[in-house]
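The values are calculated or read from the model by the stated rules, or taken from the named source; none is laboratory data. Computed from a predicted model, the values in this text were never measured in an experiment. Cβ: placed from backbone, ideal geometry, glycine included. Neighbour counts: every protein chain shown.
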Amino acid sequence: MPCALPFSAPDLLAPMEGVTEPCFRDLVLARNPPQRLGGAFTEFARVVGIPLPRRTLREHLGPRRWPAPVGLQLMGSDPGPMAETARRAAEVGAPLVDLNFGCPARGALRTCAGSALLREPRRVEELVRACAQAVTDRPVTAKIRAGYEDDSLLEELARAVEAGGASMLTVHCRTRAEGYQEAVDWSRLARAASSVAIPVCGNGGVRVHADLERLRRETGCRYTMVGRAALGDPWIFAGASVRACDAARFLLDYAQALERAGFSTLGAAGRVKQLLQFWTAGVLLGENRLEWLRERDPARLVERLRTLAGDERDSMLNPQLEVREVSALARSLRARMPLH
Ligand SMILES: Cc1cc2nc3c(=O)[nH]c(=O)nc-3n(C[C@H](O)[C@H](O)[C@H](O)COP(=O)(O)O)c2cc1C
């Protein structure tokens, strides 16, 4: 019997390797209320040959807990070690365990994990079953792509996940062969949603806040998952439009959190630059996008952010506000001036 899902709202932050570690995730969770951001996932933890130690799983989960749950994602191809790792994940406090059947990276394919398993629905079912039997008091969920070369096995894969005992199926609507191409076909999400009774979470191609609800309406999915658009705009779940100083503050907080977590200044700046490639929030980069991305000196990058974060009246951001403020100031000065 599948377990009840703990999400606080239907919109979820996708697992993203190298990004959704605790520092970034916590900043996103802190900026979106749980009524808007219903949950998040760790980046995948790879299980090769032997179960992962509890310490590694705790590191993925991070030290903080939020009203919106963070699922721990595992990737592997061997049911024994995967099931034992899932059991340990529950033991160290993961509110749910998610299984990755979508990673297209060569490393995953070499070990026949991630998207390699999309060619073998029976093995997907076997892995889900092994983990669901090892973790009976909380949900085990699975995330697939629409297929390997094409989407011909989509329904079979969805039913395999359900038959294995998963509580939710997430479908990234691109196939492995389609990589991260811009065009998406949400009719695949509708196909998956109508072929199983468990809740389906639709993923792929969400760009703006309005797409979150639109995806559910158009596909019959009960949940929406956002990947790269949340890297460009971490406020996408709340639908808030922020100022450049707020955007700069997020990136500064990110750099500082990474350094506190043991990254060097250079390493932290590298992660910030990685995020800047996606960044849209607060019109922070504006026409100087290339200039920002070419910045090599981490100290200068941080200094630029600090300047912008402190400049709450940044005109590039909210020119109307500035005009309003200036005219209010002018009015109050006029009121205090003696009439001639
Ligand atoms: C940098 C990066 C890392 C990713 N790492 C993972 C991962 O660890 N596990 C996973 O299931 N999917 C991973 N994905 C895929 C995303 O979760 C998501 O399915 C994909 O980006 C499509 O959603 P989008 O169009 O909203 O970006 C990753 C994607 C990106 C861009």
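Counting the residues of segment 225-255 that are over 10 Å from A281 (Cα atoms) and β-branched (V, I, T) gives 1. Of all positions in segment 230-250, at least one carries a residue that is surrounded by 14 or more Cβ atoms within 10 Å (Cβ to Cβ), among the aliphatic types (A, V, I, L, M) and touching a His at 6+ places or on another chain (Cβ under 6 Å). Among the residues of segment 177-223, the ones that are surrounded by fewer than 22 Cβ atoms within 10 Å (Cβ to Cβ), in contact (Cβ under 8 Å) with a residue 60 or more places away in the chain and within 11 Å of the ligand (Cβ to nearest atom) come to 1 in all. Filter segment 108-132 for residues that are more than 21 Å from G165 (Cβ to Cβ) and within 21 Å of the chain's Cα centre (by Cα) and give the result. A108, S115 - these are the residues of segment 108-132 that are more than 21 Å from G165 (Cβ to Cβ) and within 21 Å of the chain's Cα centre (by Cα).
Of all the criteria given as (1) more than 22 Å from the chain's Cα centre (by Cα); (2) in a loop (DSSP other than H, G, I, E, B); (3) of a type outside the set (D, E, K, R), the one not satisfied by A68 is (1).
Could you go through segment 129-146 and let me know if any residue there is within 14 Å of the ligand (Cβ to nearest atom), within 21 Å of P15 (Cβ to Cβ) and either of a type in the set (K, R) or without any contact (Cβ under 8 Å) to a residue 40 or more places away in the chain (or both). Yes; the residues of segment 129-146 include at least one that is within 14 Å of the ligand (Cβ to nearest atom), within 21 Å of P15 (Cβ to Cβ) and either of a type in the set (K, R) or without any contact (Cβ under 8 Å) to a residue 40 or more places away in the chain (or both). Residue count for segment 87-119 satisfying the condition of being at pLDDT 95 or above and part of a loop (DSSP other than H, G, I, E, B): 5. Note on segment 22-40: among residues that are of a type outside the set (G, A, S) and without any contact (Cβ under 8 Å) to a residue 60 or more places away in the chain, the one that is farthest from D211 (Cα to Cα) is R25. Selection of segment 8-37 for residues being crowded, with 23+ Cβ neighbours inside 10 Å and more than 16 Å from the ligand (Cβ to nearest atom) yields only L29.
All told, P104 meets the bar of being within 11 Å of the ligand (Cβ to nearest atom), surrounded by fewer than 22 Cβ atoms within 10 Å (Cβ to Cβ) and touching a residue at least 24 places away in the same chain (Cβ under 8 Å). Going through A90, A68, A83, A40 one at a time, which residue ends up being within 13 Å of the ligand (Cβ to nearest atom), crowded, with 18+ Cβ neighbours inside 10 Å and assigned by TED's automatic domain parsing to the domain that holds D211? The conditions single out A40. Would a scan of segment 224-232 turn up a residue that is in a loop (DSSP other than H, G, I, E, B), closer than 16 Å to T170 by Cα and within 16 Å of the ligand (Cβ to nearest atom)? Scanning segment 224-232 turns up at least one residue that is in a loop (DSSP other than H, G, I, E, B), closer than 16 Å to T170 by Cα and within 16 Å of the ligand (Cβ to nearest atom).
Which one is nearest to the ligand (Cβ to nearest atom), of the residues in segment 117-127 that are in contact (Cβ under 8 Å) with a residue 12 or more places away in the chain and either closer than 18 Å to L52 by Cβ or out of contact with any strand residue (DSSP E or B) (no Cβ under 9 Å at 6 or more places or on another chain) (or both)? Here the answer is L127.
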